[in-house]
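A.B. asks: Dropping a structure here in structure tokens format, bear with me for questions.
The values are calculated or read from the model by the stated rules, or taken from the named source; none is laboratory data. Given the structure is predicted, the values throughout are model-derived calculations rather than measurements. So basically every Cβ, Gly included, is an ideal-geometry build from the backbone, and we count neighbours across all protein chains shown. The accessibility values were calculated without ligands, DNA or RNA, using every heavy atom of the protein model including side chains. Shrake-Rupley method; radii C 1.70, N 1.55, O 1.52, S 1.80 Å.
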Amino acid sequence: MEVFDYEDIQLIPNKNIIKSRSDADTSVKFGPKTFKIPVVPANMETVINDDLAIWLAQNDYFYVMHRFQPEKREPFIKKMHSLNLYASISVGIKPAEYEFIDQLVADNQKPEYITIDVAHGHSDYVIQMIHYIKEQLPDSFLIAGNLGTPEAVREIENAGADATKIGIGPGKACITKLKTGFGTGGWQLAALRLCSKAARKPMIADGGIRYNGDIAKSIRFGASMVMIGSLLAGHEETPGNLISIDGKKYKQYWGSASERQKGAYRNVEGRQMLVPYRGHIADTLDEMEQDLQSSISYAGGRKLNDITKVDYVVLKNSIFNGD
């Protein structure tokens, strides 16, 4: 198996066919809605909150609200719908989550997007939850993860998921590979390529993004959407605490499987860290859009999907690939 990660890959330019990079269309249809760029902030407590979700929805960006304040999820759905905005929430697989789904049905609350958020999503219990949600809320676009193999993608898609989330521990705040010996950390992009061979439905590439160019690489290898944590965590609008050290500003950022998130040192596979303060998130998202427009122009295309057709080289092995 050809193994590589983002830093090992360079995409090969094609002849440019657009007069200006601003003519390139970065939009993506994902589920029932179309979004400005294929980027979604990670559904983590230090990356997304109600206010940021509202702003993202108002400005045609995708978001997934985290699941770490479960009692606030139904009020959140009601708030978003009262503002004529879409609702996108996360759920787990514990018994209380089935009761939550039942409550949504009883109250006629139908979120447009639901993400089953589990570290190891290739699970009988995730499949059971997929079946239950699809029975109770068939119109919700259902995302399930996280996965790292073609077998997992096939099984989760066949269970009824509308999209899958790919990535086992490649994130900056994740230490799964160190604690367990398992995961896609260090070969996340190759895992995405592998999973794309089996996928018939959209995939979200989750974790390992360090530079804006990694978004284009994710699209090339099969992602419809790219979930980003550390690159989006350090903004004015994100929930982490702002800290100054030696005159420099940072924001707190921690993994969903960290001791800080769990409230106890138990099955810890994440860590807490500081990320540089980056100002307003609107500026970063604009820059991501502009860089993606440049990527489309280098791909010799006009729209996002044209990036999927370019060749690439694997730098560490000096391999050319034209698949």
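A.B. asks: Over 23 Å between Cα atoms: which of K36/K165; K134/K303; K201/K309; K33/K177; K177/K316 fall into that group? Numbers along the way, then the final one.
C.D. replies: On the way: K36/K165 20 Å; K134/K303 32 Å; K201/K309 18 Å; K33/K177 35 Å; K177/K316 21 Å.
With Cα atoms farther than 23 Å apart: K134/K303; K33/K177.
A.B. asks: Heavy atoms of the protein only, probe of 1.4 Å, neighbouring chains included. What is the accessible area of R278 in Å², nearest 10?
C.D. replies: Answer for R278: close to 90 Å² accessible.
A.B. asks: A further question on this structure: Can you show me the helix-derived [θ] at 222 nm for the chain, built from DSSP H runs with n ≥ 4 at -39,500 (n - 2.57) apiece and divided by the number of residues, rounded to the nearest 500.
C.D. replies: It lands at -9500 deg cm²/dmol.
A.B. asks: Note down the Stokes-Einstein diffusion coefficient of region 158-226 in µm²/s, whole number, using a Kirkwood radius over alpha carbon pairs, 4 °C, and 1.567 mPa s.
C.D. replies: Answer, rounded: 106 µm²/s.
A.B. asks: Can I ask one more? In vacuo Debye scattering of region 57-124, one point per C-alpha: log10 I(q)/I(0) at q = 0.23, 0.25 Å⁻¹?
C.D. replies: Debye curve over Cα of region 57-124, log10 I(q)/I(0) at q = 0.23, 0.25 Å⁻¹: -1.05, -1.20.
A.B. asks: Here is a follow-up. Which helices of the chain meet both criteria: a Cα extent of 20 Å or more along the helical axis and a mean Kyte-Doolittle score no lower than 0.0, with helices taken as whole DSSP H segments?
C.D. replies: none
A.B. asks: Give me the Kirkwood hydrodynamic radius of region 104-204 in Å, from all C-alpha pairs, to one decimal place?
C.D. replies: It works out to 14.0 Å.
A.B. asks: Sorted by average packing, counted as other Cβ atoms within 10 angstrom per residue and highest first, what order do 49-58, 163-172 take?
C.D. replies: The packing order, highest mean first, is 163-172, 49-58.
A.B. asks: Report, ordered by chain and residue number, the aspartates and glutamates lying within cross-link reach of K94, taken as a straight Cα distance under 13 Å and ignoring same-chain residues fewer than 8 apart.
C.D. replies: Reachable aspartates and glutamates: D117, D124.
A.B. asks: Something else: Run the reach check for K79 against aspartates and glutamates, Cα to Cα strictly under 13 Å, same-chain hits fewer than 8 apart removed. What comes back?
C.D. replies: Filter leaves D50, D51.
A.B. asks: Using a 1.4 angstrom probe on heavy atoms only, work out the carbon and sulfur share of the accessible area of the chain in %.
C.D. replies: The nonpolar share, carbon plus sulfur, comes to 48 percent.
A.B. asks: As a test of reading the structure, rank D162, D107 by solvent-accessible area (1.4 Å probe, protein chains only), most first. Write out the running numbers ahead of the final one.
C.D. replies: On the way: D162 40, D107 60 Å².
Per-residue accessible area, sorted high to low, gives D107, D162.
A.B. asks: Could you tell me which of rounded, prolate or oblate describes region 20-173, using a ≥ b ≥ c as the square roots of the eigenvalues of the alpha-carbon gyration tensor, with rounded for a/c under 1.5 and, failing that, prolate when a/b is larger than b/c and oblate otherwise?
C.D. replies: oblate
A.B. asks: To continue, here is another question. Express the accessible area of region 1-58 per residue in Å², computed with a 1.4 Å probe while the remaining protein chains stay in the model.
C.D. replies: Value returned for region 1-58: 48 Å² of accessible area per residue.
A.B. asks: Please report the equivalent ellipsoid semi-axes of the chain, computed as sqrt(5 x eigenvalue) of the Cα gyration tensor, largest first, in whole Å.
C.D. replies: 29, 23, 22
A.B. asks: Shifting gears a bit: Can you tell me the dipole magnitude for region 171-210 around its Cα centre, using point charges on the Cβ only (Lys, Arg +1; Asp, Glu -1), in Debye to the nearest 20?
C.D. replies: On the way: 8 positive and 1 negative charges, 15 e Å.
It comes to approximately 80 debye.
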